[in-house]
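Colleague: Once you've had a glance at the structure underneath, I'll fire off some questions.
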Amino acid sequence: TDGIRARKIPVDYASHTSHVERIEDELARVLDGLAPHPPTIPLFSTLRADWLDTTPLDGRYWYSNLRHQVRFGESVEKLVDAGFRTFVEISAHPVLNMPVREIAEGRAGAPTVVGGSLRRNDGDLQRFLTSAAELHVRGVALDWAPALGETRPPRVELPTYPFQRRQYWLAQVQPTGAGAAGLSAADFTDPEEENDMTSSEESFAERLAGLTGEERSEALLDLVRTETAAVLGHADADEVDDDEAFFDVGFNSLTAVELRNRLAEELAVELPVMLLFDHPTPSMVAEFLLGKVAEPAAAQA
């Protein structure tokens with residue numbers, strides 16, 4: 001009722017509370033003998049909410065790290081204020097992507113890239129390289145030499161129009177007779193589908209601007225169902241139920257943000273990080289989007 005989301009986690013100790021003081025002596029014994037070296041990569045501590053320069057990361061530091069508050073939000077804010085716009089959570093499963101994105105986007109006033117490395121039950125090299133590629137296409141400069149070696153794969157030319165999930169050429173047509181050798185693929189193009197190819201060069205937001213009323217609502221719902229199907233790996237948007245909750249059909253916090261990002265990019269509008277939590281079905285998201293796309297039009301009017 002207070003708008004605070006929380007869930008229980010399976011731990012049997014109360015980190016970052018006074019309960020940790022009960023095991024201070026034991027931790028001192030276990031951590032005794034640590035010989036920390038100066039970091040080769042600058043380290044920003046969520047214990048201090050500041051850069052660590054000469055602070056030794058000895059047993060005392062790690063005890064304090066477990067005992068005291070994690071100044072996570074403050075640390076992210078300071079990094080954003082310092083100009084950092086790329087955050088990568090390196091872990092077995094990203095759990096902080098959403099709060100990092102929410103803090104950064106609410107404070108930066110500039111595009112921010114937030115990514116991960118591995119995922120639960122998806123922790124092989126392919127997942128790691130996929131995560132790296134996701135950063136790469138968002139404009140993050142990466143050193144690909146360790147993965148690709150000295151030889152860089154050739155670049156592939158892509159079409160100048162957005163990919164469409166439909167076939168543009170008539171199937172199983174074999175030209176015969178005089179002049180068949182001079183025919184090209186364009187000769188077998190369906191005229192209506194050719195118009196679709198030309199119009200597809202417009203962005204979805206531009207096409208949406210030409211619709212009104214019920215047409216716009218239907219187009220937005222179709223967009224949500226199509227992108228939902230893509231995130232879930234379905235072949236067709238018809239497999240998505242308008243009123244079935246996202247988190248009942250396989251979504252988690254990561255895929256929720258992925259869908260939110262896809263919709264924001266298609267519509268060229270800013271969307272809240274918690275979009276799917278606050279609007280848990282495709283029809284509810286579409287209704288929310290209808291209000292968002294109406295805002296620029298109203299402002300222009």
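Colleague: Looking only at segment 95-112, count every residue that is of a type outside the set (S, T, N, Q) and outside any loop (DSSP other than H, G, I, E, B) and tell me the total.
Modeller: Matching residues across segment 95-112 total 11.
Colleague: Here's something else I'd like to know. Please go through segment 50-69 and give me each residue that is within 15 Å of residue 37 (Cβ to Cβ), among the acidic types (Asp, Glu) and surrounded by 14 or more Cβ atoms within 10 Å (Cβ to Cβ), ordered by number.
Modeller: Answer for segment 50-69, where residues must be within 15 Å of residue 37 (Cβ to Cβ), among the acidic types (Asp, Glu) and surrounded by 14 or more Cβ atoms within 10 Å (Cβ to Cβ): just 58.
Colleague: Let me ask something additional. State the number of residues belonging to segment 44-94 that are in a strand (DSSP E or B) and outside the structural domain of residue 15 (by TED's automatic domain parsing).
Modeller: Residues meeting the conditions: 3.
Colleague: Of everything in segment 138-182, what is modelled with pLDDT of 70 or more, loosely packed, with under 10 Cβ neighbours inside 10 Å and at positive phi? Give them in sequence order.
Modeller: 149
Colleague: Answer yes or no as to whether residue 255 is part of a helix (DSSP H, G or I), over 24 Å from residue 206 (Cα atoms), outside the structural domain of residue 5 (by TED's automatic domain parsing) and of a type in the set (Val, Ile, Thr).
Modeller: Yes: the conditions hold for residue 255.
Colleague: Give just the number: which of (1) at pLDDT below 50; (2) of a type outside the set (Phe, Trp, Tyr); (3) in a loop (DSSP other than H, G, I, E, B) does residue 193 not satisfy?
Modeller: (3)
Colleague: So, in segment 225-247, of the ones that are in a helix (DSSP H, G or I) and of a type in the set (Val, Ile, Thr), which residue ends up surrounded by the most Cβ atoms within 10 Å (Cβ to Cβ)?
Modeller: 228
Colleague: Let me ask something else about it. Considering segment 274-284 alone, what residues qualify as being over 17 Å from the mean Cα position of the chain (by Cα) and either farther than 14 Å from residue 3 by Cα or charged (D, E, K, R) (or both)?
Modeller: Across segment 274-284, the qualifying residues are 278, 280, 281, 282, 283, 284.
Colleague: So, one more: Just a yes or no: is a residue in segment 106-122 surrounded by 15 or more Cβ atoms within 10 Å (Cβ to Cβ) and of a type in the set (S, T, N, Q)?
Modeller: yes
Colleague: For residue 14, which of the numbered conditions (1) closer than 26 Å to residue 115 by Cβ; (2) exposed (fewer than 13 other Cβ atoms within 10 Å of the Cβ) fails to hold?
Modeller: The failed condition is (1).
The values are calculated or read from the model by the stated rules, or taken from the named source; none is laboratory data. Note that the structure is a prediction, hence the values are computed from the model and not measured. Note that each Cβ is placed from the backbone with ideal geometry, even for glycine, and that neighbours are counted across all protein chains shown.
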